[in-house]
Amino acid sequence: MNRSRALKASLLFAALISTTSAASWTGGVDNVSDGSSWWIHRHSATMKFDLSGSVEGDIAPIAITPAGRVLSPYYSGRSDLEANDVRLRERTSALEGTYSSEELIGLRSEAEADVNLTYAKPAGSNVWTITWEENWPVTLNASRTVDYVGKSINDRDFAGNNGDLVGASFLYNGELSRERNVALRLDRLNATVVATNETIVSADVFTTKSTVYDITSHSTGVADLRYRQVDSRGDLINLGEERYSGTYDITRKVEMESVYTNETEEKDWLSCCVGGCSDLDPCEIASWGEVGVFDCACS
Amino acid sequence: MTDSYDVADSVGVSGRSTASFGDGFSMTDSQSLSGSGDANVEQVLYGSGWGADYVVNYALETVGASSIEGSGSSTQTPVAGSISRSASTTGSWETVSELWGVQGGDVAGVGSYAFWADISTTQSFAVGQSVAATQNVNAEGFYAVAFGGAMDNDGNWAETYADMWLGSMGSTQTARTGNSASASQDTTIEAVDGWTWTDAMDATGNWAGTYAGIEYGSLVTDQEAEAGNSAFASQYSEIEAEYGEAGSEAEDDEGNWAETYVELEDGNLVTDQGAEADDGAGAGQYSEIEAEYGWAWSKAEDSEGNEARTEVEMLDGNGEGNLATDQEAEAGNSAFAGQISLVEGEEGWARTWAEDSGGNEAWTDIDMQNGTVLTFQAAGAGNGVGAGQLTLVDAELGEAESYAEDSEGNHVDIFAAVVDGSLETWQWAEATNSAEGYQETEIEGDLAYAFCEANNTNNNYFAYVDNWVNGSAHLEFEGEASVNDSEARAHQVSHAEGDRIWPWANSTNNNDENDTAGSHDFESWAWTNGTGEYADVELII
């Protein structure tokens, strides 16, 4: 009888909780052997949000008392939208000048589907595979135009989608004309943790999602553009940061997409890798990040 | 919901949990475990607020199992849940499986333990309107235990327990709390040693329990206990063993105590017991024994020190022989013990005994050899003690005696005996600040003998009357005796037939007798007091 006491897995799986208006869940693995730990927390809601509007005017001083006290002219606005780590954030502040803007936002999210946790350790192995499956989709579409001439305007935004990020910041612009369209979509999430007796070997969060950020602008001042894309482990795989100081006409469209199928169920590559990868084609299972594309020597 | 695993490589584990958010929040899970070796599994289910509503804990640990199989499932909402877990191990050094939970201060749980024993356990737990845990345990091997318990937030609790050593055990147990607490078990044991008990205590301190055990044999018992402004315990038992015992006990919050007990060696036993404590205490028992040796007793003692006891013994049942008893005990500002007994054996004894807090005592006693005894006994204590018996003896030797003694040492003794024949007697003795006794007896046999005696030992006041018949004897005897500080007195009326008839009467210093044969009626008197004494036997016919 094999009574190996040296090889033991000590894992803690937790937990799934919810509130009544919104829904959230938390899952994690603690390996008490080395203290390694990995946790995930998600929250969303089944909801619908629509906004449309426009504004056109002069940012000008106004007297607020008969004695002639004048209120300094300014405009400021902000918006924060977030559902299941799909988010849009906008910040605008402008001094005296002429300002016009149009905006359209539509947000849809659902958080009613079951969240599943599965875990397995085959007999004869010390490899645990723990998987969470979430199907809480989110769609966020937003378009916005800004036209400004005046002393100065700061107009910043970014769109985030489960680790991916695209944004632009127009700072200290005397003239700004921009049109921006954002389309964010999250379909599902699959988180997989692989652990052995000794430690947590890997933790991947596979999100099926797409991010589209389209901008056309004319600016006199500073224009910062940036994007960031991460892989299933949160590691940065694509990054862009640009700064334009002066007068520029910019057109930019960023599209990012991640599509994951349930790889762990199709092929038990995790257990295989622990036991040896001699019969496994690494190109078949590698993440398609930067390293996966350029370093995979496939015949 | 948290799961913690510490398992050997040779153990395979799989599980699936689902959280549903659609129509109210709920969670389900299922899991399985298989393989061999060591395993240590802990699982916790939380209600909403991470335990604000309820917490359920499951733990399974096994060491060195040649085979482990486990499975389970659960369903829960923020305010209610149910969980079931099954586990079986073979060839393990040790296996422990526990499932328990708490909600709003109500706690219930079940557990099983095996040491060098194969065990299969199915446990379930439900929380919602009440908290309840159940288990079904089957074990075979060196040692195994099954237990369950419950306590509500008022302090009522109940628990049940079964164990076995070197054999097999099957037990179904339940523990539940709500506005009260209850526990029960239905257990079968075949083992060298087996032991079961169930007890309950309410929040005010009323307690009741019942138990049964065996050595070298089998035990079937169905026990339950309940607490909640009172306590109650019950038991149905069947025992076949070289040694077996069963009992019930009850004690109320004022200290009144009642107990019944039965034991046997080498035979069978059936018992139906109960115990109760609520502003008093009570115990009961129905017993049947077929054995070489059997013993049954009941006892009651109130909080003021009044005590009563009844017992019956049987040695070497004659093949058809047995001991049957219907006992009860009661305490509560007084005490009482009763018994209906039937003994068949080479030897049999039956006794009652009562003593009040003032030092007065009374008892009855029956001895029998090679025959049968049928007796109805009673004992009491309180404002005066008493003991009595209605007895039928058919034996080679039979004796029936009743005795009462007051706190001053004054006593009466009522006695009847038969050799090779039958004896039927109704006796009574009691003592307060004096003592008195009575008997109405009919005897047929080779020898018949009955007497009534009164004795004031401090003043040496003595009174005694009897009749003694030998050879084809027939005796009908009615007599009484009484004693107090100032006098001892005895009297009898009898009809006697036999080869020799020899009645006596004695005072402290005087004696009278008649020695004759045939068929005669007699009346006798004896008394002694401070001014004189008298002893006389009159041949009436």
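Straight-line reach from residue A:209: which aspartates and glutamates have a Cα under 16 Å away, not including same-chain ones fewer than 8 places off? The qualifying aspartates and glutamates are A:82, A:85, A:110, A:133, A:134, A:164, A:187, A:231, A:255, A:257.
Applying 1/(1 + (r/R0)^6) with R0 = 41 Å to the Cβ-Cβ distance of residue A:241 and residue B:179 gives a FRET efficiency near 0.05.
Averaging Cα coordinates gives a centre for the range A:167-227 and one for the range B:326-359; these two points are 90 Å apart. Which shape class, rounded, prolate or oblate, goes with the protein assembly as shown when its Cα gyration tensor gives a ≥ b ≥ c as root eigenvalues, a/c under 1.5 marks rounded, and past that a/b bigger than b/c marks prolate? Taking the square roots of the gyration eigenvalues as a ≥ b ≥ c, the protein assembly as shown is prolate. Can you tell me how chain B classifies by the Cα gyration tensor, rounded, prolate or oblate, using a/c under 1.5 as the rounded cut? The shape class here is prolate.
Note that the range B:149-160 has calculated 3J(HN,Hα) couplings of x, 8, 9, 8, 6, 8, x, 6, 9, 8, 8, 9 Hz, one per residue in order, obtained from phi through the Karplus relation 6.51 cos²θ - 1.76 cosθ + 1.60 (θ = phi - 60°); glycine and proline are x.
In a fully extended conformation the segment linking residue B:79 and residue B:396 would gain 106.9 nm over its present Cα-Cα distance, using 0.36 nm per residue.
Long-range amide H contacts for residue B:181: which residues qualify at under 5 Å (H placed 1.01 Å from N, peptide plane, sequence gap of 5 or more or a different chain)? Answer set, sorted by chain and number: B:227. Working note: Karplus 6.51/-1.76/1.60 with θ = phi - 60° gives the range A:100-114 the couplings 9, 7, 10, 9, 9, 10, x, 10, 10, 8, 10, 9, 10, 5, 4 Hz, where Gly and Pro are set to x.
Candidate cross-link partners of residue A:121 among the aspartates and glutamates, defined by an alpha-carbon separation under 12 Å and a same-chain spacing of 8 or more, comprise A:268, B:6, B:9. Rounded to the nearest Hz, the phi-derived 3J(HN,Hα) couplings of the range B:212-219 under the Karplus curve 6.51 cos²θ - 1.76 cosθ + 1.60 (θ = phi - 60°) are 7, x, 9, 10, 6, x, 10, 9, where x marks glycine and proline. A dipole drawn for the protein assembly as shown from +1 and -1 charges on Cβ atoms has a positive end, and of B:58, B:268, A:79 the residue lying farthest that way is A:79. By the beta-carbon count within 10 Å of each Cβ, the least crowded to most crowded order of A:25, B:426, B:116, fewest first, is B:116, B:426, A:25. Going by the alpha-carbon gyration tensor, a ≥ b ≥ c the square roots of its eigenvalues, is the range B:241-297 rounded (a/c under 1.5) or, if a/c is not under 1.5, prolate (a/b greater than b/c) versus oblate? Prolate shape, in that a/c is at least 1.5 and a/b is the bigger ratio. Neighbouring Cβ atoms from other chains, within 10 Å of the Cβ of residues in A:120-128, number 6 on average. In straight-distance terms, cross-link reach from residue A:151 covers every one of the aspartates and glutamates whose alpha-carbon lies under 17 Å from its own, apart from those fewer than eight places away in the same chain; here that gives A:56, A:58, A:96, A:175. Working ranking of peptides A:99-105, A:73-79 by packing, defined as the average number of other Cβ atoms within 10 Å per residue, highest first, is A:99-105, A:73-79.
Computed from the coordinates by the stated procedures, all read-outs in this text should not be read as laboratory data. In this text, all values refer to a predicted model and were calculated from it rather than measured experimentally. Note that each Cβ is placed from the backbone with ideal geometry, even for glycine, and that neighbours are counted across all protein chains shown.
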